[in-house]
Amino acid sequence: SYWCESHDGGRAWSKGKPIVTPDPRGGFSVVSSPIIPLSSAERMIAIEPMFRESVETLNHEAAVVFNRNGGSAWSDKAMMARDSEHRIFYFDPRLARLKDGRFVAFYWTHDTQTDESLQTDIGWSDDGHGWTKPAPTPFWGFLTLPLVFSDGRLLAV
């Protein structure tokens, strides 16, 4: 994955820079969100792992990483969702910033022992650096996109 910046409303763009993130054991990281600028001049993206050879060897976790200098390195990983027993995987983390500045994330959850999809989970963060434990929502499905209306309401698609 690569990223570019525009400082003139999208008329001109910087040269593409690779997004270099820490790899999990047994796999590699892929980007799961747009780049989100933070008030601290940092940039944040969500990442999730993909396995190289076998899902059984994958250390699965949904996380966010931060960029402070505009270069290729994305570091200071903050865990969003991880099952310490490696049974539940939190796939497809999708983020949105709420009107009050907090963040919400939806996850497609999967039970690796029963090979079943579970209810969509939701997590929250005040600043992107610390996340609540994912909690089930009353709906099912794969990837869920959070959309925030100008009046502050949240729609899950």
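Over the chain, accessible surface divided per residue gives 56 Å², non-protein components excluded, 1.4 Å probe.
A straight Cα-to-Cα reach below 17 Å connects residue 99 with the aspartates and glutamates 126, 127, 151, residues fewer than 8 places away in its own chain not being considered.
Here region 8-65 is treated as an ellipsoid with the same Cα gyration tensor; its semi-axes, largest first and in whole Å, are 28, 13, 8.
With a cut-off of 16 Å on the backbone N, the residues of region 56-95 near the modelled label site 7 Å out from residue 14 along Cα-Cβ are 66-75.
Per-residue packing, averaged as other Cβ atoms within 10 Å, sorts the ranges 101-114, 30-43 into the order 101-114, 30-43, beginning with the highest. For the chain, the carbon plus sulfur part of the accessible surface works out to 54%, probe radius 1.4 Å. Cross-link partners for residue 17 among the lysines, with Cα-Cα distance under 21 Å and sequence neighbours closer than 8 places in the same chain left out: 77. Normalised by 2.2 N^0.38 Å, where N counts its residues, the alpha-carbon radius of gyration of the chain equals 1.06. Once C-alpha pairs closer than 8 Å and six or more residues apart are averaged by separation and normalised to the residue number of the chain, the relative contact order reads 15 percent. Which whole-Hz couplings ³J(HN,Hα) result when phi for each residue of region 10-21 is put into the Karplus expression 6.51 cos²θ - 1.76 cosθ + 1.60, θ = phi - 60°, listed in order with x for Gly and Pro? Per residue, the Karplus-derived 3J(HN,Hα) values read x, 6, 10, 10, 5, 5, x, 10, x, 9, 9, 10 Hz.
Distance from the Cα centroid of region 94-157 to that of region 26-72 is 16 Å (rounded to whole angstrom).
Ordering 108, 144, 26 by Cα displacement along the dipole of the chain toward the positive end leaves 144 in first place; charges were set at the Cβ atoms of Lys, Arg (+1) and Asp, Glu (-1). Under 16 Å from a label point set 7 Å out along the Cα-to-Cβ vector of residue 5, the amide N atoms of region 59-92 belong to 66-75. Simple point charges give the picture: +1 on the Cβ of Lys and Arg, -1 on the Cβ of Asp and Glu, and for the chain a dipole about the Cα centre of about 580 debye.
The values are calculated or read from the model by the stated rules, or taken from the named source; none is laboratory data. Predicted, not measured: the structure shown is a model, and the values here were computed from it. With ideal geometry, Cβ positions are generated from the backbone for all residues, glycine too; neighbour counts draw on all protein chains shown. In case anyone asks, the SASA skips ligands and DNA or RNA and just uses the protein heavy atoms, side chains included. Shrake-Rupley method; radii C 1.70, N 1.55, O 1.52, S 1.80 Å.
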